[in-house]
Amino acid sequence: MKANIVLLPGDGIGPEVTQAAKAALGAIAKRFGHEFAISEALMGGAAIDATGEPLPAKTLAACQEADAVFLGAVGGPKWDKSEKRPEQGLLAIRKALGLYANLRPAVTHPALYDASPIKADRLEGVDIMVVRELTGGIYFGEKEEGTDAAWDRCAYSGEEVDRVLHQAARLAKKRGGKVTMVDKANVLATSRLWRRRTEALFAEHYPELELEFLLVDAAAMHLLSRPASFDVLVTENLFGDILTDEAAMLVGSLGMLPSASLGNSGPGLFEPCHGSAPDIAGQDKANPFAALLSSAMLLELGLGLTEEAQILKEAVYDCLTQGQCTGDLGGKLGTKAATQAVLARII
Ligand code: ATP
Ligand code: MG
C-alpha cells in the first residue's frame, strides 16, 4: 500500500526516538513491499525557535494531508519562560485534527515485573487498552476562578459520548471482546448520561461484546487487584487522565508506553507517552521502544496494517526478553543499537 506519514520529531529526545520510528517504518515497508512517503515537519520548541510558532501553518497543512502523524516529544526548560509554549502546539494539533479518543495500552512483560510496584502474579497476562475521551468534560468546560470560590463545569453531549464508545467497541471486537465503562454514575449527571448512552449503544450495535460498568473509585482499586481481567476500558476525560497514569504503573517503565489519538476521519497522531527528557537528550541514551511501539500502533490503527504491527511489536518484546535494550530497562545498549536490534528482527 501507499501511505503518506508525517514525522514531528520535536524537542529533547524527540528527534532520537523519531529516527528509531522512521527506521522501523522503513524496514516494515521494505519487508512487506509498501510505499511509505515519510516526511518531517517542525513542531514544539524546535518550531518556536525556527518560526516563532509551536505549530506552524506549514506543519499543520502537512499533517492534515497525511495518512498518519508520528510525534516524538515536545517541550523542555529552554522554553519555560518563552511567550509561546511548545505544548500549545500539541493542544492545537489535537484540536485541528479532531482527535477525541486517546488510546493508551498497558501491556506487562516478565522482564519488567520487578520494576512494577504490583506483585508479579497479578501482572501475568495484563493487556489493557485504556480509551480516554480527550476533548470534552471538565477540562474544557466553563470555569470561574475567584479568590474565595471557584467552579469548573463538566459537560458532555450524547454525540461526544457515542463517538468514543464506538472507538472502544471497535477495538474490543479486534481484541478480547470485553469493554469496561468507568464513571461515577451514583453522583454525577454526566456519568449517568455516559451510562445510558453506553447501554443503548452496545445493545443496538455491539450485543456480542461483554459490557461491564465500574464506578471510578472501584476501578482504581480493581486496576491494581485484578488488572488481568480488563480488556478495553473506556472513560471520560478526567477519569481517563488519572487511570491511564495508574495503568502505566502496571507496566513498570515509562519507556514502554505508546499512545494513539484518533478522530473520526483524517489522520491519527501516534506518540510515546514519555516527555522530551532533556536530562538525557542527545546522548544516545533514550529508550526507543515506546516510540517503536507507537509506530506499531500507527501501522495497525492508522494504516490498518495488523500483521505488520504485530511483527514490529514482537521484535520489540523479543529484544526486551533478550536484554537487548537501553539502561532504563536494565540493558546496556544505546538508542541506536537498541533500534538496530529491533530492525534485525524485522528484515
Ligand atoms: P514532560 O513534561 O515532557 O512529560 P517530564 O520531565 O515530566 O517531561 P519525561 O521527559 O518523560 O517527563 O522524563 C521523566 C524521566 O524519565 C527523566 O528522568 C527522563 O530522563 C526519563 N525518561 C523519559 N523518557 C525516557 C526514555 N525514552 N528513555 C529513557 N529515559 C527516559
Ligand atoms: Mg511529564
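Worth pointing out:
- Qualifying residue in the range 286-301 (condition: touching a helix residue (DSSP H, G or I) at 6+ places or on another chain (Cβ under 9 Å), more than 11 Å from ligand 1 (Cβ to nearest atom) and free of Cβ contacts under 8 Å to residues at least 12 places away in the same chain): yes
- All positions within the range 47-56 that are touching a helix residue (DSSP H, G or I) at 6+ places or on another chain (Cβ under 9 Å) and surrounded by fewer than 24 Cβ atoms within 10 Å (Cβ to Cβ): Asp49, Thr51, Glu53, Pro56
- Every condition in (1) assigned to a helix (DSSP H, G or I); (2) away from ligand 1 (no atom under 16 Å from the Cβ); (3) more than 23 Å from Pro288 (Cα to Cα) holds for Asp148 except the one numbered (1).
- Residue tally, condition outside any helix (DSSP H, G or I) and either closer than 20 Å to Met129 by Cβ or not basic (Lys, Arg) (or both), over the range 301-347: 13
- Within the range 1-101, helices (runs of 4 or more DSSP H) holding 2 or more residues that are of a type in the set (S, T, N, Q): 14-32, 57-65
- Among the candidates Asp67, Asp49, the residue that is under 15 Å from Leu269 (Cα atoms) and either hydrophobic (A, V, I, L, M, F, W, C) or more than 16 Å from ligand 1 (Cβ to nearest atom) (or both) is uniquely Asp67.
- Checking the range 153-160 against the condition returns a match, with at least one residue being outside any loop (DSSP other than H, G, I, E, B), in contact (Cβ under 8 Å) with a residue 40 or more places away in the chain and surrounded by 15 or more Cβ atoms within 10 Å (Cβ to Cβ).
- Residue in the range 256-272 that is within 11 Å of ligand 1 (Cβ to nearest atom) and assigned to a helix (DSSP H, G or I) present: yes
- Of Asp318, Asp328, all but one fail to be farther than 23 Å from Lys30 by Cβ and in the same structural domain as Leu97 (by TED's automatic domain parsing); the exception is Asp328.
Results for (1) over 30 Å from Gln322 (Cβ atoms); (2) under 23 Å from the mean Cα position of the chain (by Cα); (3) modelled with pLDDT under 95, shown as yes or no for each residue.
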{"site": "Ala66", "(1), (2), (3)": "yes, yes, no"}
{"site": "Val69", "(1), (2), (3)": "yes, yes, no"}
{"site": "Gly75", "(1), (2), (3)": "yes, yes, no"}
{"site": "Ile93", "(1), (2), (3)": "yes, yes, no"}
{"site": "Ala106", "(1), (2), (3)": "no, yes, no"}
{"site": "Gly146", "(1), (2), (3)": "yes, no, no"}
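The values are calculated or read from the model by the stated rules, or taken from the named source; none is laboratory data. Remember, it's a predicted structure, so these values are computed and weren't measured experimentally. Note: ideal-geometry Cβ built from the backbone for every residue, glycine included; neighbour counts use all protein chains shown.
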